[in-house]
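The values are calculated or read from the model by the stated rules, or taken from the named source; none is laboratory data. It should be emphasised that the depicted structure is a prediction, and the values quoted were computed from it without experimental measurement. Don't worry about glycine lacking a Cβ; one is built from the backbone with ideal geometry, like all the others, and counts go over all protein chains shown. Remember, those area values only see protein heavy atoms, side chains included, never the ligands or the DNA or RNA. Shrake-Rupley method; radii C 1.70, N 1.55, O 1.52, S 1.80 Å.
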Amino acid sequence: GKNDYDLLVIGGGSGGLACAKEAAQFGRKVAVLDYVEPSPQGTKWGLGGTCVNVGCIPKKLMHQAALLGSALKDAQHYGWNIAQPVHHTWSVMAQAVQNYVKSLNWGHRVQLQDKKVKYFNMKGSFSDPHTIRGLTKAGKETIITAENIVIATGGRPKYPTHIAGALKYGITSDDLFWLKESPGKTLTPFVFNVSLECAGFLTGIGLDTTVMMRSIPLRGFDQQMASLVTEHMESYGTKFLKLCFPTKVEKLESSRLQVTWKNTELGTEESDSFDTVMWAVGRAPETETLNLERAGVKTNPETGKIIVDASEATSVPHIYAVGDITEGRPELTPTAVAAGKLLAQRLFGQASELMDYENVPTTVFTPLEYGCVGLSEEMAVQCYGADNIEVYHAYYKPLEFTVAERDATQCYMKMVCLREREQRILGLHFIGPNAGEVIQGFALGIKCGATYPQLMKTVGIHPTCAEEITKLHITKRSGLDATVTGC
């Protein structure tokens, strides 16, 4: 018999919505299933996925709140009379951020309606390769069949369940952005970029914040840059417990949380009390309730992620997957969106272009932002050998920092190039204000195969931080001081 839909998307996040809306442009019959399982602490949200509700959007807005706090301190040096001390009210910020997120949830629903995409607020699972069983919150069942199915259910934060009290007393980033009251004195154990970003803005709005790291910060990123980011955070007021890992969390009579941890460097056991413990131990793919085995979709048994080929196809030809749920892909909103659109174009628009995952730019929104595109220095050495790469670098001082007498010790940039005659740029790394805006522009050039000589012919915009990239001339190999002096 005929299927109900040409395309059914399971998961209403960035990748899934992009794919569904693009497919609808081709006049196809499209449906989206989306259901948010409340977090262990009971937090839930609307349509739009992680990025909109508990990721990039609320994170960037709260980061902006912290930047404004720094700007208030700077403002006095620029002649503004601001009564001291300034005070931040969490509930005002949280309400404004949450209202904006809710407007985005509504906007996504309206867009689906306008594009004639059917939206089911249901949890989906496979009955067979073409049939999905949808279940509402109330337990009402709907059976939906589709010619093509796209899985885009993303991931959710993991809990370290082996730590006593972790699940009962801790929260994750799924909860932080929806708190009505200030989290107060906060501990965030383990260092993924979300924990550094959250710790950064919590410190910035005046909260006592501690990061606990068992090993290296920002795994997968250039480690010299990661060290500069954490150094700046320390100087900015965030506390770091290095080479430590938590062993238990207990609730005190005062309702505060007593956390006990091991210091592996000293071999000691230590403890302190906090108002909030926010776990950041990575994310787990949302595959458990999908019944993938009923459809024959293969996953990586170690990560639980769905194995896909270059065309986003799973082990079942008409079932596809995009975004964070897929094995070996960057966990980034823009890549999920682009992959989802291209998939719809290939399925229904006679197109053949595949998603290119090379040279994807990204930014970590720590108090001093870190943006990058291309290879880290470590990866370049691994791929090409230390003798075959040249690293140009500079420590610079943003003009905005001068009058305000702000420390610019960690404002740094480096460009990793091949040493051969053409000197193709392999990676660009930038720590400083507006890092995302800076890297976004240079990402185009690097995507197009830009070389170091071409960059040297690019005229800078004066006076900007990004301009310093067009003036990079000191190599690490030379051993010369890389500090920029004068303008």
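From Lys59, Lys73, grab the single residue that is touching a helix residue (DSSP H, G or I) at 6+ places or on another chain (Cβ under 8 Å), closer than 27 Å to Gly184 by Cα and either open to solvent by less than 20 Å² (accessible area, probe 1.4 Å) or charged (D, E, K, R) (or both).
That would be Lys59, the only listed residue that is touching a helix residue (DSSP H, G or I) at 6+ places or on another chain (Cβ under 8 Å), closer than 27 Å to Gly184 by Cα and either open to solvent by less than 20 Å² (accessible area, probe 1.4 Å) or charged (D, E, K, R) (or both).
Going by the conditions given, is Arg294 among the charged types (D, E, K, R), in contact with a Pro (Cβ under 7 Å, 6 or more places away or on another chain) and surrounded by fewer than 20 Cβ atoms within 10 Å (Cβ to Cβ)?
no
Please enumerate the residues belonging to segment 443-463 that are surrounded by fewer than 17 Cβ atoms within 10 Å (Cβ to Cβ) and touching a residue at least 60 places away in the same chain (Cβ under 8 Å).
Within segment 443-463, Lys447, Pro463 qualify.
Test Ala394 against the stated conditions and say whether it is more than 30 Å from Ala321 (Cα to Cα), assigned to a loop (DSSP other than H, G, I, E, B), of a type in the set (A, V, I, L, M, F, W, C) and in the same structural domain as Thr470 (by the TED database).
So Ala394 does not fit the description; no.
Quick check on my filter: what residues within segment 420-442 are open to solvent by 80 Å² or more (accessible area, probe 1.4 Å) and within 14 Å of Leu375 (Cβ to Cβ)?
Matches in segment 420-442: Arg424 only.
Suppose we keep only residues that are touching a residue at least 24 places away in the same chain (Cβ under 8 Å) and in a loop (DSSP other than H, G, I, E, B) within segment 74-95. Which one would you say is nearest to Phe177 (Cα to Cα)?
Here the residue is His88.
For the condition part of a strand (DSSP E or B), within 29 Å of Ser127 (Cα to Cα) and either open to solvent by 20 Å² or more (accessible area, probe 1.4 Å) or outside the structural domain of Met212 (by the TED database) (or both), what is the one hit in Ala336, Ala284?
That would be Ala284, the only listed residue that is part of a strand (DSSP E or B), within 29 Å of Ser127 (Cα to Cα) and either open to solvent by 20 Å² or more (accessible area, probe 1.4 Å) or outside the structural domain of Met212 (by the TED database) (or both).
Regarding segment 435-454, can at least one residue be identified that is in contact with a helix residue (DSSP H, G or I) (Cβ under 7 Å, 6 or more places away or on another chain), hydroxyl-bearing (Ser, Thr, Tyr) and modelled with pLDDT of 95 or more?
Looking through segment 435-454, none of the residues is in contact with a helix residue (DSSP H, G or I) (Cβ under 7 Å, 6 or more places away or on another chain), hydroxyl-bearing (Ser, Thr, Tyr) and modelled with pLDDT of 95 or more.
From the residues in segment 261-271 that are assigned to a loop (DSSP other than H, G, I, E, B) and more than 25 Å from Tyr159 (Cβ to Cβ), which one is least open to solvent (accessible area, probe 1.4 Å)?
Among those that are assigned to a loop (DSSP other than H, G, I, E, B) and more than 25 Å from Tyr159 (Cβ to Cβ), it is Gly267.
Would you check if there is a residue in segment 361-382 being open to solvent by 70 Å² or more (accessible area, probe 1.4 Å) and free of Cβ contacts under 8 Å to residues at least 12 places away in the same chain?
Taking every residue of segment 361-382 in turn, at least one turns out to be open to solvent by 70 Å² or more (accessible area, probe 1.4 Å) and free of Cβ contacts under 8 Å to residues at least 12 places away in the same chain.
Please verify whether segment 400-410 includes one or more residues that are closer than 30 Å to Ala23 by Cβ and at pLDDT 95 or above.
no
What are the residues in segment 101-135 that are of a type in the set (Phe, Trp, Tyr), touching a helix residue (DSSP H, G or I) at 6+ places or on another chain (Cβ under 8 Å) and open to solvent by 60 Å² or more (accessible area, probe 1.4 Å), if any?
Passing the criteria: none in range.
Scan segment 420-441 and tell me whether some residue there is in contact (Cβ under 8 Å) with a residue 24 or more places away in the chain, of a type in the set (Lys, Arg) and part of a helix (DSSP H, G or I).
No, there is no match, as no residue in segment 420-441 is in contact (Cβ under 8 Å) with a residue 24 or more places away in the chain, of a type in the set (Lys, Arg) and part of a helix (DSSP H, G or I).
Take segment 339-357 and flag every residue that is open to solvent by 50 Å² or more (accessible area, probe 1.4 Å) and either assigned to a loop (DSSP other than H, G, I, E, B) or not assigned by the TED database to the domain that holds Gly16 (or both).
Passing the criteria: Gln350, Ser352, Glu353, Leu354, Asp356, Tyr357.
Given (1) outside any loop (DSSP other than H, G, I, E, B); (2) touching an Asp or Glu at 6+ places or on another chain (Cβ under 8 Å), identify the lone condition not met by Val373.
So Val373 meets the others, but not (2).
Only one of Leu17, Leu67, Leu7, Leu47 is in contact (Cβ under 8 Å) with a residue 60 or more places away in the chain, in a loop (DSSP other than H, G, I, E, B) and touching a helix residue (DSSP H, G or I) at 6+ places or on another chain (Cβ under 8 Å). Can you tell me which?
Selected residue: Leu47, the only one of Leu17, Leu67, Leu7, Leu47 that is in contact (Cβ under 8 Å) with a residue 60 or more places away in the chain, in a loop (DSSP other than H, G, I, E, B) and touching a helix residue (DSSP H, G or I) at 6+ places or on another chain (Cβ under 8 Å).
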